[in-house]
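Taking it in order: structure first as structure tokens, then the write-up.
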Amino acid sequence: MQTFDELSQFHVVRLNGQLFPVSRYETERYQSYQLQPDVVECAGTTAILEQAVDCDALLVVSETLTQDTIAGLQRCRVIARLGAGTDKIDVSEATRQGILVTNVPDFCVEEQADHTFALLLSLARKLTPMRTAMQAGQWADARSQCRSLHRLNGRTLGLIGFGGSGKLVAQRAAGFGMRILATRRRPDQQDPLLAKLGVDLVTLDALLRRADYVSLHLPLNEQTRHLLDAERLAAMQPGALLINTSRGALVDETAVLEALLDGHLGGYGVDTFDQIDLHHSATADPPSHPLLQLPNVVFTPHVAAFSEESSRDVAYGAIDNLATVLSGRWPPAARIVNPTVTPRQPLTDRAVRKQTIRQAPHKRTTLSGHIPRVQAPIRLAV
């Protein structure tokens, strides 16, 4: 078993070096472990393997890692996601190859909950159409928007998913006096927060039928892709509002557009898109989508996860995961995406995972020049 002081021998590659520059928090954490990653920007199997074929560990923000890419990583022990979602990583192939996949699932739940409510409030109070009308000098039209507003107190919020961010949204909704419905994968699991906040666990069909506002809090996988299709959108209350700060492909965007245009859906608050790749649009033409032209759509460019605090937490968490594996230990259970994996290199008993990795040494060392020092906050891909 290696100690944290012996990790400098490992070859670590950090992808997305230009699209998501290394933050000062990453640099601090690399220094604490004496890691000197190669920071690169490349896409596609051939280009990635040119840089990482013999790496011991791979850090990734938003790059897609296909089956062929992962199969070509000859020595890699761990793929550490600088974020929460792993829908762009072929986790099954990593498991077959004996590579641990780790993430930081809770680094931005507070931010996501805040952002969810920002979108909800903007839609519920019709801030965008009011602002647009006022900018056009149509003050009377702007004021007329208030005739169809509703107070949040007593309205029903439906949470599809009751994990970390869903629970925090429920806490905020309780403060507004809202009724709260929720779905979750294991409805029979005990949770004192349900009774404390007055949350009713219901089926998805019941939630869609009863909720005035619906918010998505799920990972993207084969079971959840296009979970809200045309049929389920039609089952929602007329005029209901939909919020999506999780993954764009959880909804059928074409069906959402049609429901907005025909008036069945009252509004859509969205931070992540299915048909627009916001991460890679910087080097291409500006993204375009009919949803962006509608007055009852409030949209943001995949920033629900962002804050100074979440930037620190995701950097520390991802690098801690990687360093723990390279030192011969299992990372915390909640951060292992593929717990059934048989690691390429044996790791110590899983009970050891309970130790707090944040106690790693914080030695200040001089790094070689290939870790860029970026003072601006890191951009996050959740």
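The values are calculated or read from the model by the stated rules, or taken from the named source; none is laboratory data. In this text the structure is predicted, and so the values were computed from the model without any measurement. Cβ coordinates were reconstructed from backbone atoms using ideal geometry, including for glycine residues, and neighbour counts include every protein chain displayed.
At a glance:
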quantity	calculated
Answer from 59, 19 - the residue that is surrounded by fewer than 18 Cβ atoms within 10 Å (Cβ to Cβ), in contact (Cβ under 8 Å) with a residue 24 or more places away in the chain and under 19 Å from the mean Cα position of the chain (by Cα)	19
Selection count where residues are out of contact with any strand residue (DSSP E or B) (no Cβ under 7 Å at 6 or more places or on another chain) and not charged (D, E, K, R), scope the stretch 204-225	6
Candidate set: the stretch 116-164, residues that are of a type outside the set (Gly, Ala, Ser) and part of a strand (DSSP E or B); chosen: the one surrounded by the fewest Cβ atoms within 10 Å (Cβ to Cβ)	156
Some residue of the stretch 268-281 being more than 23 Å from residue 161 (Cβ to Cβ), surrounded by fewer than 23 Cβ atoms within 10 Å (Cβ to Cβ) and of a type in the set (S, T, N, Q)	yes
Residue identified as under 20 Å from residue 312 (Cβ atoms), over 25 Å from the mean Cα position of the chain (by Cα) and not small (Gly, Ala, Ser) among 35, 82	35
Residue 98 being closer than 30 Å to residue 339 by Cβ, surrounded by fewer than 23 Cβ atoms within 10 Å (Cβ to Cβ), touching a Lys or Arg at 6+ places or on another chain (Cβ under 6 Å) and of a type outside the set (A, V, I, L, M, F, W, C)	yes
The stretch 297-311 residues that are touching a residue at least 60 places away in the same chain (Cβ under 8 Å) and surrounded by fewer than 21 Cβ atoms within 10 Å (Cβ to Cβ), paired with ones that are assigned to a loop (DSSP other than H, G, I, E, B) and of a type outside the set (A, V, I, L, M) (beta carbon under 7 Å, 6 or more apart)	300/271; 303/271; 308/377
The stretch 238-270: number of residues that are charged (D, E, K, R) and modelled with pLDDT under 95	1
Where residue 11 falls short, out of the listed (1) closer than 24 Å to residue 330 by Cβ; (2) crowded, with 22+ Cβ neighbours inside 10 Å	(2)
Where a residue in the stretch 251-263 is in contact (Cβ under 8 Å) with a residue 24 or more places away in the chain and over 14 Å from residue 295 (Cα atoms) and its partner, wherever it lies, is of a type in the set (Asp, Glu) and outside any helix (DSSP H, G or I), with Cβ under 9 Å and at least six apart	251/229; 251/274; 252/229; 252/274; 253/274; 255/229
Residue check, residue 314 outside the structural domain of residue 133 (by TED's automatic domain parsing), hydrophobic (A, V, I, L, M, F, W, C), at pLDDT 95 or above and within 18 Å of residue 219 (Cα to Cα)	yes
Index of the failed condition, residue 171 passing every other in (1) crowded, with 16+ Cβ neighbours inside 10 Å; (2) in contact with a helix residue (DSSP H, G or I) (Cβ under 7 Å, 6 or more places away or on another chain)	(1)
Options 29, 24; residue that is surrounded by 18 or more Cβ atoms within 10 Å (Cβ to Cβ), in contact (Cβ under 8 Å) with a residue 60 or more places away in the chain and of a type outside the set (Ser, Thr, Tyr)	29
Any chance residue 337 is modelled with pLDDT of 95 or more and aliphatic (A, V, I, L, M)	yes
Any hit, the stretch 198-213, residues being surrounded by fewer than 14 Cβ atoms within 10 Å (Cβ to Cβ) and modelled with pLDDT under 95	yes
Members of the stretch 320-330 found to be under 20 Å from the mean Cα position of the chain (by Cα) and either free of Cβ contacts under 8 Å to residues at least 24 places away in the same chain or over 16 Å from residue 85 (Cα atoms) (or both), listed by number	320, 322
